[in-house]
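Novice: Structure in structure tokens, see below.
The values are calculated or read from the model by the stated rules, or taken from the named source; none is laboratory data. No experiment lies behind these values; they were computed from the predicted model shown. Heads up, the Cβs are rebuilt from the backbone with ideal geometry, glycines too, and the neighbour counts pull from every protein chain shown.
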Amino acid sequence: MRKIFTRFLNTLFHPHDYFRILGRDRYKSLKIRIVLLDAMISLVPLIIVVTISYFWFQSILKEDFRNQVKWEIENTEQSIEYFVDGKVSALRFLASSYSYKQLSDQKMLNDIFTKFENEFSGLVDLGLIDSNGIQQAYAGPYPLIGKDYSNQEWFNEVIVRNVYVSDVFMGYRRLPHFAIAVKKNCPEKRSFCILRATIDMKILKRFASTINLRENDDAFIINHDGILQTPSQFHGDVLNKFKLPVLIPERGVSVLDLKELNGGPAIFGYVPITNSPWILVAVVKSTPYLRIPKIFRNELLLISILSVFIGVTVTFLMAQTVVNRIRKADQEIEDAMAKTEQASKLASIGRLAAGVAHEINNPLAIINEKAGLMKDILDMSGDLQQNKEKFLGLISAIFDSVNRCSTITHRLLGFARRMEATHEVLDLNDIVKEVIGFLEKEIAFRNIRLELKLKEDLPEIESDKGQLQQVFLNIINNAVDAIEEGGLIEVSTRVKDKNTVLVSIRDTGSGIPKNKLKSIFEPFYSTKEKGEGTGLGLFISYGIMKKLGGIILVESELNKGTTFTVEIPIRAGDGEGGHV
Amino acid sequence: MTVTKILLVDDEVEFVSALSERLRLRNYDAKAVYHAEDAMPTIMKDKPDVVLLDLKMPGIDGIEILKAIKKFDTTIKVIILSGQGDREIADEGIKVGAFDYVMKPVDIGEIITKIEQAKKSR
């Protein structure tokens, strides 16, 4: 993965390593780079914004859902509280409105119970219990007159607190129910009695089920010991134990995110129900907030796709425009380069011309003298026969000189004619020797030693003769200029590998300082005196070798000399590309 | 009238041998040397009136020979044999004390005139 990423970055920032520097590939790589970079710049923020929006929206929905759960728990708690308060108030009203005597009258109690039952749902029975805990009167479906409650906990509680709401219990009836009891003072008996109503647990269950629940959710009521007061979908029936995951405080609704409850994360909401021994609990495992409304998602997707499409189109058009401009600029540079190359060629021809003129001048002078001598002899002695041998010698010397001239002119023409790039099969050593031929006179005059170390059986190369000659001529010319009399120029050829051959030109000149070494291939950079060099020789040579698929390497040590190594691909196009 | 002694110094054997022969045909005592290093010993030995000197020879600076001749004997007149492209060196030679220069290929009439002028100026 890391490798792929690194490779991607490299392609992005160093596409030349992956695409050839020359030709159409370069523009293609440039276009790819611009499109990738621009796409990254425009699309990454878009993706970030969309992602953040998505999760932000999701968290809002979750918060909203939690609030909804909280609100529902709160509402249900209030309903239960009102219900219990209502029952307590009604019992208190009964207790204060009727005397002990009236309430202990079975007929009257039945009458009150009937009226009461109509007004309050869930009422199971109504009983009057004396201070000894014995049920004196009872209205309801069970035969419970005379039952002794003195041992039961609720009886003692109601004596202390005046009002008591019990936990859900089975009691004598073996049905889950709870009791509300109020204490009534009975002055006529100088004692007290208790009015007690039992209410079906189903009424609580109905309240709990008003909480809007989904398939995996659960809402139920427990007491403070965690005993289920209403049945739970996942924790069993009434009076089962529910293990509390947190400590329940005295008041207020709490909604918590639990990572683990019954094998998974859940929202755990609870509230102690005021004036009762109960706690309303909701365990919500469903996650409807994750299902972001389809419309929002679709809109987001549509906007994203549209943005990506517009972004990519604009980027592509921009890249196209930029690349076209660069291509045009490159074309202009190339044209200018071609002109410069021509100028440089003419400059080197000019330089050659001086040498050639000198070389031609000598044989011409010989011809002149030989012909002059023949004329002198004819003028002075007139005896042709006597001087026949001498004449033949002189004529032969004239022919030799003419041949010398024609060799020079042919060589010069051969060099000047090759303006157009062509590829032909060549012997590298021959090319080197021909170039040396141009310069050996000057090298000799300057008293410079020339050593040729040409490797025999060098493979033939497929390249451009004229261009290679120009490169070697430029480099050797520089070497000649760089060294003092008595210096050495060594030209060697050898095979580098199966694809490449080398020509090394080593001189024992002054060398090139390190800080100037990097400038030597720049155009118009020259260390020669004004008017002597164009500053184009190495620049042109570099361009030529790049075009031919080769490279020029340079090593130099101050006061020791410089070595230029020209690497040439054996087959045209086999080279490494133009790095120096 | 004494015969004018001329020494020709040039590495181009064919040229200098023909030219010296032509001068001899015109009754000059012309002698040629083909190596720069032979120039001074011959001059010292023969004491020529005029030296025809090529300044561009392999392995040696012609200007130095010119200076040596002038140091040896200021009356020896030196006429420089110069190639068409070497006018600058010829001019330098004049500055150092050469009498004149002729351009190769040389016109025999011109060279005779200059030799005579040189001889007269002694």
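Novice: Can you tell me which residue within segment B:82-102, out of those that are within 26 Å of A:Leu450 (Cβ to Cβ) and not in a helix (DSSP H, G or I), is modelled with the lowest pLDDT?
Specialist: Restricting to residues being within 26 Å of A:Leu450 (Cβ to Cβ) and not in a helix (DSSP H, G or I), the top hit is B:Gly83.
Novice: Among the residues of segment A:202-222, write down those that are buried (at least 18 other Cβ atoms within 10 Å of the Cβ) and farther than 30 Å from A:Tyr100 by Cβ.
Specialist: Restricting attention to segment A:202-222, the residues satisfying the condition of being buried (at least 18 other Cβ atoms within 10 Å of the Cβ) are A:203-205, A:207-208, A:211, A:213, A:217-222.
Of everything in segment A:202-222, those that are buried (at least 18 other Cβ atoms within 10 Å of the Cβ) and farther than 30 Å from A:Tyr100 by Cβ turn out to be A:Leu204, A:Lys205, A:Phe207, A:Ala208, A:Ile211, A:Leu213, A:Asp217, A:Asp218, A:Ala219, A:Phe220, A:Ile221, A:Ile222.
Okay, residues lined up against (1) exposed (fewer than 13 other Cβ atoms within 10 Å of the Cβ); (2) in the same structural domain as A:Phe445 (by TED's automatic domain parsing); (3) of a type in the set (A, V, I, L, M):
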{"site": "A:Pro363", "(1), (2), (3)": "no, no, no"}
{"site": "A:Ile366", "(1), (2), (3)": "no, no, yes"}
{"site": "A:Met374", "(1), (2), (3)": "no, no, yes"}
{"site": "A:Asp379", "(1), (2), (3)": "yes, no, no"}
{"site": "A:Asn387", "(1), (2), (3)": "no, no, no"}
{"site": "A:Asn403", "(1), (2), (3)": "yes, no, no"}
{"site": "A:His410", "(1), (2), (3)": "yes, no, no"}
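Novice: Could you count how many residues in segment A:354-391 are more than 7 Å from chain B (Cβ to nearest Cβ), over 22 Å from A:Asn403 (Cβ atoms) and of a type in the set (Asp, Glu)?
Specialist: Going through segment A:354-391 one residue at a time, the tally reaches 2.
Novice: Moving to a separate point now. Going residue by residue through segment B:22-34, is there one that turns out to be within 14 Å of another protein chain (Cβ to nearest Cβ) and free of Cβ contacts under 8 Å to residues at least 12 places away in the same chain?
Specialist: Here is the first cut: in segment B:22-34, the residues within 14 Å of another protein chain (Cβ to nearest Cβ) are B:22-28, B:30, B:32, B:34.
Filter once more, keeping what is free of Cβ contacts under 8 Å to residues at least 12 places away in the same chain: B:24-25.
Yes, because at least one residue in segment B:22-34 is within 14 Å of another protein chain (Cβ to nearest Cβ) and free of Cβ contacts under 8 Å to residues at least 12 places away in the same chain.
Novice: Across segment B:10-44, which residue is farthest from A:Asp376 (Cα to Cα) among those that are in contact with an Asp or Glu (Cβ under 6 Å, 6 or more places away or on another chain) and aliphatic (A, V, I, L, M)?
Specialist: B:Val16
Novice: Next question, about the same structure. Pick out the one residue from A:Ile448, A:Ile461 that is surrounded by 21 or more Cβ atoms within 10 Å (Cβ to Cβ), under 51 Å from the mean Cα position of the chain (by Cα) and either within 14 Å of chain B (Cβ to nearest Cβ) or modelled with pLDDT of 85 or more (or both).
Specialist: Numbers: A:Ile448 fails: under 51 Å from the mean Cα position of the chain (by Cα).
Being surrounded by 21 or more Cβ atoms within 10 Å (Cβ to Cβ), under 51 Å from the mean Cα position of the chain (by Cα) and either within 14 Å of chain B (Cβ to nearest Cβ) or modelled with pLDDT of 85 or more (or both) holds for just one of A:Ile448, A:Ile461, which is A:Ile461.
Novice: Just the residues that are free of Cβ contacts under 8 Å to residues at least 24 places away in the same chain and either exposed (fewer than 12 other Cβ atoms within 10 Å of the Cβ) or of a type in the set (A, V, I, L, M, F, W, C) (or both), please, taken from segment A:146-160.
Specialist: Listed by number, the residues that qualify are A:Gly146, A:Asn151, A:Val160.
Novice: While we're looking at this one, here's another question. Could you tell me how many of the residues in segment A:442-487 are in a loop (DSSP other than H, G, I, E, B), under 19 Å from A:Pro569 (Cβ atoms) and in contact with a Ser or Thr (Cβ under 9 Å, 6 or more places away or on another chain)?
Specialist: 3
Novice: Yes or no: A:Leu123 under 17 Å from A:Asn162 (Cα atoms), in contact with a helix residue (DSSP H, G or I) (Cβ under 8 Å, 6 or more places away or on another chain) and surrounded by 15 or more Cβ atoms within 10 Å (Cβ to Cβ)? Show your work before the answer.
Specialist: Working: under 17 Å from A:Asn162 (Cα atoms): no; in contact with a helix residue (DSSP H, G or I) (Cβ under 8 Å, 6 or more places away or on another chain): yes; surrounded by 15 or more Cβ atoms within 10 Å (Cβ to Cβ): yes.
Considered against the rule, which asks whether it is under 17 Å from A:Asn162 (Cα atoms), in contact with a helix residue (DSSP H, G or I) (Cβ under 8 Å, 6 or more places away or on another chain) and surrounded by 15 or more Cβ atoms within 10 Å (Cβ to Cβ), A:Leu123 comes out as no.
Novice: Does B:Asp38 fit the bill of being in contact with a Phe, Trp or Tyr (Cβ under 9 Å, 6 or more places away or on another chain), more than 14 Å from chain A (Cβ to nearest Cβ) and either among the hydroxyl-bearing types (Ser, Thr, Tyr) or exposed (fewer than 15 other Cβ atoms within 10 Å of the Cβ) (or both)? Please lay out each step first, then the result.
Specialist: Values: in contact with a Phe, Trp or Tyr (Cβ under 9 Å, 6 or more places away or on another chain): no; more than 14 Å from chain A (Cβ to nearest Cβ): yes; either among the hydroxyl-bearing types (Ser, Thr, Tyr) or exposed (fewer than 15 other Cβ atoms within 10 Å of the Cβ) (or both): yes.
Considered against the rule, which asks whether it is in contact with a Phe, Trp or Tyr (Cβ under 9 Å, 6 or more places away or on another chain), more than 14 Å from chain A (Cβ to nearest Cβ) and either among the hydroxyl-bearing types (Ser, Thr, Tyr) or exposed (fewer than 15 other Cβ atoms within 10 Å of the Cβ) (or both), B:Asp38 comes out as no.
Novice: Against the condition away from chain A (no Cβ under 14 Å) and touching a residue at least 60 places away in the same chain (Cβ under 8 Å), how does B:Ile6 come out, does it pass? First the steps, then the outcome.
Specialist: Working: away from chain A (no Cβ under 14 Å): yes; touching a residue at least 60 places away in the same chain (Cβ under 8 Å): yes.
Considered against the rule, which asks whether it is away from chain A (no Cβ under 14 Å) and touching a residue at least 60 places away in the same chain (Cβ under 8 Å), B:Ile6 comes out as yes.
Novice: Residues in segment A:510-532: is at least one at pLDDT 85 or above and buried (at least 20 other Cβ atoms within 10 Å of the Cβ)?
Specialist: yes
Novice: Scan segment B:4-28 for residues that are among the aromatic types (Phe, Trp, Tyr) and more than 21 Å from B:Glu116 (Cβ to Cβ) and report the count. Spell out the reasoning first.
Specialist: Filtering segment B:4-28 down to residues among the aromatic types (Phe, Trp, Tyr) leaves B:15, B:28.
Of the ones still in play, those that are also more than 21 Å from B:Glu116 (Cβ to Cβ) are B:15.
The number of residues fulfilling the criteria is 1.
Novice: Report yes if A:Ile80 is β-branched (Val, Ile, Thr) and out of contact with any strand residue (DSSP E or B) (no Cβ under 9 Å at 6 or more places or on another chain), otherwise no. Talk me through it step by step, then tell me what you get.
Specialist: Details: β-branched (Val, Ile, Thr): yes; out of contact with any strand residue (DSSP E or B) (no Cβ under 9 Å at 6 or more places or on another chain): no.
Criteria not met by A:Ile80.
Novice: So which residues in segment B:104-120 are surrounded by fewer than 18 Cβ atoms within 10 Å (Cβ to Cβ) and more than 15 Å from B:Thr75 (Cβ to Cβ)?
Specialist: From segment B:104-120, those surrounded by fewer than 18 Cβ atoms within 10 Å (Cβ to Cβ) are B:107, B:109-110, B:112-113, B:116-117, B:119-120; that's our starting set.
Within segment B:104-120, B:Asp107, B:Gly109, B:Glu110, B:Ile112, B:Thr113, B:Glu116 qualify.
Novice: With at pLDDT below 80 and either assigned to a helix (DSSP H, G or I) or surrounded by 13 or more Cβ atoms within 10 Å (Cβ to Cβ) (or both) as the only criterion, which of A:Phe415, A:Phe399, A:Phe391 stands out? Can you show your working first?
Specialist: Numbers: A:Phe399 fails: at pLDDT below 80; A:Phe391 fails: at pLDDT below 80.
Being at pLDDT below 80 and either assigned to a helix (DSSP H, G or I) or surrounded by 13 or more Cβ atoms within 10 Å (Cβ to Cβ) (or both) holds for just one of A:Phe415, A:Phe399, A:Phe391, which is A:Phe415.
Novice: Taking the residues in segment B:81-101 that are under 18 Å from B:Lys5 (Cβ atoms) and more than 9 Å from chain A (Cβ to nearest Cβ) as candidates, determine which candidate is surrounded by the most Cβ atoms within 10 Å (Cβ to Cβ). So that I can check it myself, show each step before the final result.
Specialist: Kept after step one, since they are under 18 Å from B:Lys5 (Cβ atoms), are these residues of segment B:81-101: B:81, B:98-100.
Now drop any that are not more than 9 Å from chain A (Cβ to nearest Cβ), which leaves B:98-100.
Details: B:Ala98: 25, B:Phe99: 20, B:Asp100: 19.
If we take residues in segment B:81-101 being under 18 Å from B:Lys5 (Cβ atoms) and more than 9 Å from chain A (Cβ to nearest Cβ), then B:Ala98 is surrounded by the most Cβ atoms within 10 Å (Cβ to Cβ).
Novice: Which one of B:Asp46, B:Asp61 is among the acidic types (Asp, Glu) and away from every other protein chain (no Cβ under 11 Å)?
Specialist: The conditions single out B:Asp46.
Novice: Being of a type in the set (D, E, K, R) and either in contact with a strand residue (DSSP E or B) (Cβ under 8 Å, 6 or more places away or on another chain) or assigned to a loop (DSSP other than H, G, I, E, B) (or both) is the filter here; which residues of segment A:85-102 pass it?
Specialist: Of segment A:85-102, the ones of a type in the set (D, E, K, R) are A:85, A:87, A:92, A:101.
Answer for segment A:85-102, where residues must be of a type in the set (D, E, K, R) and either in contact with a strand residue (DSSP E or B) (Cβ under 8 Å, 6 or more places away or on another chain) or assigned to a loop (DSSP other than H, G, I, E, B) (or both): A:Lys87, A:Arg92.
Novice: Let me ask you something else. Count, please, the residues in segment A:50-73 that happen to be surrounded by 14 or more Cβ atoms within 10 Å (Cβ to Cβ), of a type in the set (A, V, I, L, M, F, W, C) and more than 14 Å from A:Gly269 (Cβ to Cβ).
Specialist: Number of matching residues: 3.
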